[in-house]
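Structure, as structure tokens:
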Amino acid sequence: MFTHTTRRRLVIGGAALTATALALTGCGRSADSGDSAPKATTSIGDGPATGELSVWAMGTEGENLPKLTAAFEQANPGVKVKVTPIPWDAAHSKFTTAITAQTVPDAAMVGTTWMGEFADLDALDPTPASIDTSGFFEGANETTKVGETSYGVPWYVETRLVYYRKDLAAKAGITTPPTDWDGLKAMAKAMKEKAGAKYGINLQPGGTGSWQTVMPFAWSAGAAITGDDQKEFTFDTPEMQEGLKYYQSFFTDKLAGTDLPPNQTEAQFVSGQVPMFISGPWMAGSVAKLGGEKIKPNIGVFQLPKNKTATSFVGGSNFVVFKNSKNKDSAWKLVKWLSDAKTQAQWFKLSTDLPAVKSAWEDPSIASDPLLPVFGKQLEDAKAPPAIVNWEQVATAFDAEVEKMAKSGQSPADTAKAIQTKAASIGTGS
Amino acid sequence: MSSATLQAPEVPQRKSSGPAARSRRSGARGRQTAAAWILTLPFVVLFLAFTAGPVLGSLGMSFTDLKQRDLRTPFAVNGVGFSNYVKALQDETFRKAALNTAYFVLVGVPLTLALALAAAVLLDRGVKRFQSLFKVAYYLPVITSIVAIAVIWRFVLAPESGLLNTVLSWVGIDGPNWLASKTWAMPSLIMMAVWRNFGSAMIIFLAGLQGIPATVEEAGQLDGAGSWQRFRYLIVPLLRPTILFTSVTTGIGYLQFFEEPFVMTQGGPLNSTVSVSMYTYQQFGFGNYGVATAMSYILFVVIAVITFIQFRLLREK
């Protein structure tokens, strides 16, 4: 009954945004949409950082970052860093509004899949050449690039592994984790038949974000989201179909369920109902939180199984400097400092976010962990979607088709075709 | 409203006549008019700036190819005529959303009104003693945050251990996985929406019922009408304006159905609960402002037409 207020706000908000934008920028479509890649305009000076820096960061990162920047302020007495924490679900619209109204902070944490969109809005400052990016994981480095240009640096990373219950795997007669597609399938089957599980593995039957679990299989089969020039989508290929077919077979063989309540992955893992799933490093913590000390020694992880490759998904966040920042030099100094191996190791201890710099993984706090080094190994072969302006929209279409494939038996070939048709009509946006 | 306050002071002057009185009066009226304009000016300015302006702006937007990246140069976008409207109507998911919304309205509105009227009659006739307590109890869901309601309903609708399925299992029925089932997701949301919204219609019905003089029913009783007959042929016709009001407001609210699928199902499974408002919202999020505003105006026209029909059917004869 009161839903009309919500909708009215949306319509009015959209128009008000336009009005604000009008007032702020005057009119005339800018002519700078040339094809030549933008070059870095900022070079980092040698002196210490000075002045005031405003920084935005989301979620727990936003809450923890001030502890880290305090050290930066100590090393650079002339600088004052003000961190504004932003809730994740409001972040995207807050950024786009700020970009439109030109009220951006100096630097910010940005989700990797937003890079293309923000670069397209001409909001980001290209990374200065003096920042060395060779120490980052390759997959993470790729997420900062839009076309040929890099904007910002990877700040922290995450990748996905297969989690499994060690005790139940032993019961199912599996002593060494599988390394190929057939092996994973056989393991899920054994979990169901010999270890008393309801389903062998928990795979998302479509819905928001399911592309993050499906794409690794397609990538491993040799598929790609776009051609090399990132202008055309290539969803309808035999490789993509192979990945989809493998994913669907878990549902048709009843090794994965479409009827499980969402957000119960940890509970089903602890109870042994569904003793395997594919997810990121944070799950080790939330499983242990739910299952207590008893479950901890039974949490195992292994790398994604191999087809042509064994490619996983790389996520995380980047750190960027905005073009409209008044203090770019100091902002880049902060970003450079954040991507230093020592700072990254320290940040891991504060936040448990995994470092994007490879050498930081040698820190004992990570190297001696029973699970984390496996994530480090998987990061050597992990991919992110290309930085496409319309990615969020394409991903939503992808998720919807995967849902049809998992739940109502749409064939992998039709699924690939439908994704391709929808993605092509949405366009890459560039 | 403002004209009534303007004319009120004239009444005592009516009796006086003659040129002197007349001119004095028109001078006073001029000053009053000026004062009225000055006093309403803040509202007029705010209305133009924050309601009329944006509404007209968004109407204009629906005829352009405005995307998020164009927001900085909005005057340079291209007019595209009705193609956004065509695109919206050709969109498979939008059509599915329209069907879902129609389903929700056609089932939800009658259920809500029937439940509200039944509760109001019970409160008005039956439970005199704890009336206020029941009024509060029924109205409570209306003022509770949808997020809190969603948490509770997830427990109610949970597949194995949920309250609803537990109760069903007592009578030997194996309840479905409500929110994950293509067939049952929409009925679940309707159930939740009716429970959440009938309280506000009930309060209005109750006020309407209490406005009907007791003598009307007494007269019916003397004529030998039974309680159902009195309800059907006396109370319902007298409640006609109230029924019109509640059906219009409930209908508009339900046509803009957004929060329930947004918090409970995100439109799933297989788009079976995606609503027009929700899909429009999604398009705004993707930065497709042209198509999204076109969808908003399609919904606006539909609501206007339906409301017009309701007024036609239920107006006083």
Inset, instruction - Could you tell me what fraction of 2.2 N^0.38 Å the Cα radius of gyration of segment A:65-130 comes to, as a two-decimal ratio? - result: 1.27
Inset, instruction - Report the charge-dipole magnitude of the protein assembly as shown in Debye, nearest 20, computed about the Cα centre from +1 at each Lys and Arg Cβ and -1 at each Asp and Glu Cβ. - result: 3220 debye
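Could you sort B:191-203, A:120-132 so that the peptide with the highest average Cβ count within 10 Å comes first and the rest follow in order? Please report the intermediate quantities before stating the final value.
Numbers: B:191-203: 23.2, A:120-132: 18.3.
So the order, starting with the most tightly packed, is B:191-203, A:120-132.
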Inset, instruction - In whole angstrom, note down how far apart the Cα centers of segment A:293-315 and segment A:384-416 are. - result: 23 Å
Inset, instruction - Sort A:Glu73, A:Glu403 by accessible area with a 1.4 Å probe, largest first. - result: A:Glu73, A:Glu403
Inset, instruction - Work out the mean other chain Cβ neighbour count within 10 Å for the residues of A:305-315 and drop it here as an integer. - result: 0
Inset, instruction - For peptide A:347-359, compute the average count of partner chain beta-carbon atoms within 10 Å of each residue's beta-carbon. - result: 0
Legend entry - Candidate aspartates and glutamates for bridging to A:Lys94, where Cα separation is under 14 Å - those fewer than 8 sequence places away on the same chain excluded: A:Glu117
Legend entry - Helical mean residue ellipticity (222 nm; -39500 (n - 2.57) per DSSP H run of 4+; nearest 500) of chain A: -13500 deg cm²/dmol
Inset, instruction - Would you mind listing how long segment A:285-325 runs along its three principal axes, going by Cα atoms, in whole Å with the largest first? - result: 52, 35, 11
Legend entry - Cα-Cα pairs of segment A:222-323 separated by more than 16 Å (percent): 71 percent
Inset, instruction - Treating each Cα of segment A:369-421 as an identical point scatterer and ignoring solvent, apply the Debye formula and state log10 I(q)/I(0) at q = 0.18, 0.26 Å⁻¹. - result: -0.74, -0.92
Legend entry - Over chain B: helical MRE at 222 nm, DSSP H runs n ≥ 4 each giving -39500 (n - 2.57), nearest 500: -21500 deg cm²/dmol
Inset, instruction - For segment A:265-411, report the translational diffusion coefficient in µm²/s to the nearest whole number, using Stokes-Einstein at 20 °C, 1.002 mPa s, and a Kirkwood Rh over Cα pairs. - result: 116 µm²/s
Legend entry - Cα→Cβ-extended label distance, 7 Å offset, between B:Arg154 and B:Thr215, nm: 5.7 nm
Inset, instruction - With unit charges on the beta carbon (Lys/Arg positive, Asp/Glu negative), name the residue among B:Leu106, B:Gly30, B:Thr265 whose Cα is farthest towards the positive pole of the charge dipole of chain B. - result: B:Gly30
Inset, instruction - Within 10 Å, count the other beta carbons around each residue, average over each peptide in A:80-87, B:67-74, and list them highest first. - result: B:67-74, A:80-87
Legend entry - segment B:217-315 - Rg (one decimal) and Dmax (whole number), Cα, Å: 20.4, 66
Inset, instruction - Give me the compactness ratio for segment B:25-149, meaning the Cα radius of gyration over 2.2 N^0.38 Å. - result: 1.82
Inset, instruction - Can you tell me the dipole magnitude for chain B around its Cα centre, using point charges on the Cβ only (Lys, Arg +1; Asp, Glu -1), in Debye to the nearest 20? - result: 1380 debye
Inset, instruction - Give me the percent of DSSP beta bridges within chain A that run antiparallel, rounded to the nearest 5. - result: 65 percent
Inset, instruction - Can you give me the P(r) profile for chain B? Cα pairs, bins 20 angstrom wide beginning at 0, each as a whole percent. - result: 23, 44, 28, 5, 0
Inset, instruction - Using all C-alpha to C-alpha distances in segment B:77-189, build P(r) with 10 Å bins and read off the rounded percent in each one. - result: 11, 23, 32, 20, 9, 4, 1
Inset, instruction - Pull up all non-local amide H partners of A:Leu124: gap of 5 or more, or a different chain, and H-to-H distance under 5 Å with H placed in the peptide plane. - result: A:Lys323
Inset, instruction - Whole number please: convex hull volume per residue, Cα atoms of segment A:45-90, in Å³. - result: 69 Å³
Legend entry - Within segment B:184-317: Cβ-based charge dipole about Cα centre, in debye rounded to nearest 20 (Lys, Arg +1; Asp, Glu -1): 240 debye
Inset, instruction - Compute log10 of I(q)/I(0) for chain A with the Debye formula, placing one identical point scatterer on every Cα and leaving out solvent, at q = 0.09, 0.11, 0.14 Å⁻¹, to two decimals. - result: -0.62, -0.92, -1.37
Legend entry - Viscosity 0.890 mPa s, temperature 25 °C, Stokes-Einstein D of the protein assembly as shown from Kirkwood C-alpha radius, µm²/s: 82 µm²/s
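What does the charge count around B:Ile212 come to, taking other residues whose C-beta lies under 11 Å from its C-beta (Lys +1, Arg +1, Asp -1, Glu -1)?
-1
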Legend entry - Packing-based ranking, highest mean first, of B:78-85, A:185-192, B:253-260 given that Cβ atoms within 10 Å are counted: B:253-260, A:185-192, B:78-85
Inset, instruction - Read phi for every residue in segment B:133-146 and hand back ³J(HN,Hα) as whole Hz from Karplus 6.51 cos²θ - 1.76 cosθ + 1.60, θ = phi - 60°, with x for Gly and Pro. - result: 4, 5, 4, 4, 4, 6, 7, 3, x, 4, 9, 7, 4, 4
Legend entry - Peptide-level mean, for B:72-79, of C-beta atoms on other protein chains within 10 Å: 6
Inset, instruction - Enter the Cα centre distance for the pair segment B:180-198 and segment B:266-303, rounded to the nearest angstrom. - result: 20 Å
Legend entry - q = 0.21, 0.24 Å⁻¹, segment A:155-250: log10 I(q)/I(0) [Debye, one scatterer per Cα]: -1.12, -1.28
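The values are calculated or read from the model by the stated rules, or taken from the named source; none is laboratory data. Computed from a prediction, not measured in an experiment: that's the story for all the values here. Please note: Cβ atoms are built from the backbone with ideal geometry, for glycine as well, and neighbour counts cover all protein chains shown. Side chains are part of the model used for accessible areas, which takes the heavy atoms of the whole protein and leaves out ligands, DNA and RNA. Shrake-Rupley method; radii C 1.70, N 1.55, O 1.52, S 1.80 Å.
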